[in-house]
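The values are calculated or read from the model by the stated rules, or taken from the named source; none is laboratory data. What you see is a predicted model; the values in this text were computed from it and never measured. Cβ sites come from the backbone with ideal geometry, for glycine too, and all protein chains shown count toward neighbours. With ligands, DNA and RNA removed, areas are computed over all heavy atoms of the protein, side chains included. Shrake-Rupley method; radii C 1.70, N 1.55, O 1.52, S 1.80 Å.
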Amino acid sequence: MAFFGCNAALYTKIGSETAVSLSRAGYTFMDPDYPGISLKHTFNQNEVSGFEVVSADTGMASAVIPQSVTAVGKAAFSGCTLLNHVSFPDSVNEIGQSAFYDCRRLKEVYIPEMVTSIGDSAFNPNTTIYCYEYTVAEAWANRNGFKVVLLDQKPFEEIGRITLPEDLYVQNGTQKTVTAEIFPNTPDLVPVWTSSDPTVATVSEDGVLAALQNGETTLTLTVKGKTAQCTVHVVTMAEDFTIPAELYVQAKKSIAAPVPAVTPEDATVHLEWSADNALAVEISPAGSITGYVVGDTVLTAKDTISGLTKTATLHIVRPVSAISVTPAAAGLIPYEPLQLTAQARIGTTEIGEVGATWTSEDPSVAVVDESGRVQALAPGRTRIVATFDGRATAACTLTVREAATIRLPASLKTVSANALTGTTAELYILPDGVEKIESGAFANLQYARVIVIPEGAAAGTEADAFAGTDAVLVHPDGTPFEP
């Protein structure tokens, strides 16, 4: 019945992207510069006269109430048991009944002179009220048995506190209001903002940040000799990012949070991770995910820059009983690479790929890196062994055989156009001095498996030098060759 009885309404525009709810009680929304606080409009003769705080995220530790808020509604912050600081603007004139009820960590509050109404049980009895003499705040606090500190009689320097976010990520080309926690936020304060690198971002006297180009700058806020600083990262905002849909961790073990794939590639994401079951999993600020309770829980990764969120199912499993390596056996020629993977198993249930420790029993035949990527070196046999959690092991049996080889002369500088067309070797080895590979030099080689190319040839390789040839292109150290 939100619009019941509005018979004369012809046109209605509802809210913005920050909408929370809409009812006869009012349109509720969030200001992105003040996360965790829900607001609604207040009216005077059908004109917007200000805003009222109607609710807050119960997990917040501090709150800066936006400018132009005239009222903190009934029970708005009730149940915010972690809240230890609140900063009121001078526009507030009403604090509702039980507005900060059960905020047990809120030990001190500054109430502006303009406040004309404070409801019953607005604050916990152990809260110290900072206010001016002969005001509603003083009278209310005294009548209700609160400890009172009169700012007229106590120098600011003895009780001042100023706090900024430690790090702030801002999209290039946008503006953002930096929220500072100042206590007590008295009307006589004159905050002074500075930016250490105005070419990256500037800041106005009201704390409005203008991001100009990608980079970092340090914001400094000075108030009556006290200072606080914040590192601002101006970045390109992600249009999208992806994370694996499923993750596995052994109970009482940890994994690193996955690195997201970002679009565009030069965009920056700053992920905050959370879990729908806080008892089952713990996530450290550094992104280490530790599972405790066997079962599934949903992880949410939120990019604090773009606001995008993604979810993944975390499977917390019992200790792994066995692993297997894929492939279990393989045949290669010298210089040929191979990617191995290790899959974990609990009983007969496969639980997916795991990060194993890899070793080669004969490094003269083949070597393996920490990701399981093998490079064959010389003819022979060896086993590539995967070890997980110090106890589960499995291996790939690897055979490296001789290959039909063309080793080009050591003095060669240029491989001319179509130079090797029609040759039938499996392995081609170019000398270190090659600087240029012309069009079709290695084209349409039916039997080629590996072509070993020095670093210096990359810039001088024409785009169709390997057209029609399905061979692995590598540098002598085994890393992929990219012309």
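With every protein chain in place, what's the accessible area of GLU435 (1.4 Å probe, Å², nearest 10)?
110 Å²
Can you list the aspartates and glutamates whose alpha carbon sits under 14 Å from that of LYS436, skipping same-chain ones fewer than 8 residues off?
GLU455, GLU462, ASP464, GLU482
For the stretch 188-236, what number results from the quotient of the Cα radius of gyration and 2.2 N^0.38 Å?
Ratio of Cα Rg to 2.2 N^0.38 Å: 1.14.
What number comes out for the charge environment of VAL190, summing +1 per Lys or Arg and -1 per Asp or Glu over other residues with Cβ under 10 Å away?
-1
With N set to the number of residues, divide the alpha-carbon radius of gyration of the stretch 378-483 by 2.2 N^0.38 Å and report two decimals.
Here the answer is 1.28, to two decimals.
Take the stretch 30-79, drop everything but the C-alpha atoms, weight them equally and run the Debye formula without solvent; then report log10 I(q)/I(0) at 0.17, 0.18 Å⁻¹ to two decimals.
-0.48, -0.53
Convex hull over the alpha-carbon atoms of the stretch 134-262: what's its volume per residue in Å³?
Dividing the Cα hull volume of the stretch 134-262 by its residue count gives 219 Å³.
At 0.36 nm per residue, and after removing the present C-alpha to C-alpha distance, how many nm does the segment from GLU239 to ALA458 gain when stretched out fully?
75.6 nm
Grab the Cα-Cα distance for GLU353 and ALA139, subtract it from 0.36 nm times how many residues apart they are, and report the gain in nm with one decimal.
Working it through step by step, the gained length comes to 70.4 nm.
Accessible surface of ASP470 in the full protein assembly, 1.4 angstrom probe, to the nearest 10 Å²?
Accessible area of ASP470: about 140 Å².
Points 7 angstrom from Cα along the Cβ direction at GLN67 and ARG161: gap in nanometres?
Computed distance between label sites GLN67 and ARG161 equals 2.4 nm.
Could you give the length gained on full extension between THR405 and SER324, defined as 0.36 nm per residue of separation minus the Cα-Cα distance, in nm?
Result: 25.8 nm gained on full extension.
Got the relative contact order for the chain handy, in percent, Cα pairs under 8 Å and 6 or more residues apart?
6 percent
For TYR292 and ASN124, FRET efficiency with R0 = 30 Å and r from the beta-carbon atoms, rounded to 0.05?
Computed FRET efficiency for ASN124 and TYR292 comes out at 0.35.
Using only the alpha carbon atoms of the stretch 252-383, find the Kirkwood hydrodynamic radius as the inverse mean reciprocal pair distance, in angstroms to one decimal.
Across the stretch 252-383, the inverse of the average 1/r is 17.6 Å.
Could you work out the equivalent-ellipsoid semi-axes for the stretch 71-157, taking the square root of 5 times each eigenvalue of the Cα gyration tensor, largest first, in whole Å?
Over the Cα atoms of the stretch 71-157, the semi-axes work out to 19, 14, 12 Å.
Could you work out what % of the accessible surface of the chain is carbon and sulfur, using a 1.4 angstrom probe and leaving DNA, RNA and ligands out of the count?
49 percent
Cross-link candidates for LYS107: which lysines have Cα within less than 17 Å, leaving aside residues fewer than 8 places away along the same chain?
Straight-line reach from LYS107, under 17 Å: LYS147.
When you have a sec, figure out the Kirkwood radius of the chain from all distinct Cα pair distances and drop it here in Å to one decimal?
28.5 Å
Restricting to DSSP H runs of at least four residues, report the calculated mean residue ellipticity at 222 nm for the chain, -39500 (n - 2.57) per run over all residues, nearest 500 deg cm²/dmol.
Here the helix-only value at 222 nm equals -500 deg cm²/dmol.
What FRET efficiency, computed as 1/(1 + (r/R0)^6) with R0 = 25 Å and r the Cβ-Cβ distance, is obtained for VAL190 and GLU113, rounded to the nearest 0.05?
Between VAL190 and GLU113 the formula returns 0.90.
Can you pull the one-decimal nm distance between simple spin-label points at LEU412 and ASN277, each 7 Å off the Cα toward Cβ?
In this crude spin-label approximation the distance works out to 6.1 nm.
Top to bottom by accessible area (1.4 Å), largest first, where do ARG345, ARG105, ARG407 land?
ARG407, ARG105, ARG345
Using a simple spin-label model with points 7 Å from Cα along the Cα→Cβ vector, what separation in nm is obtained for ASN214 and GLN175?
2.5 nm
State the antiparallel share, in %, of DSSP beta bridges confined to the chain, rounding to the nearest 5.
Roughly 65 percent of the DSSP beta bridges within the chain come out antiparallel.
Which GluC sites (Glu not before Pro) from the stretch 239-277 combine a DSSP loop assignment with at most 16 other Cβ atoms within 10 Å?
Loop-located and lightly packed - GLU239, GLU265.
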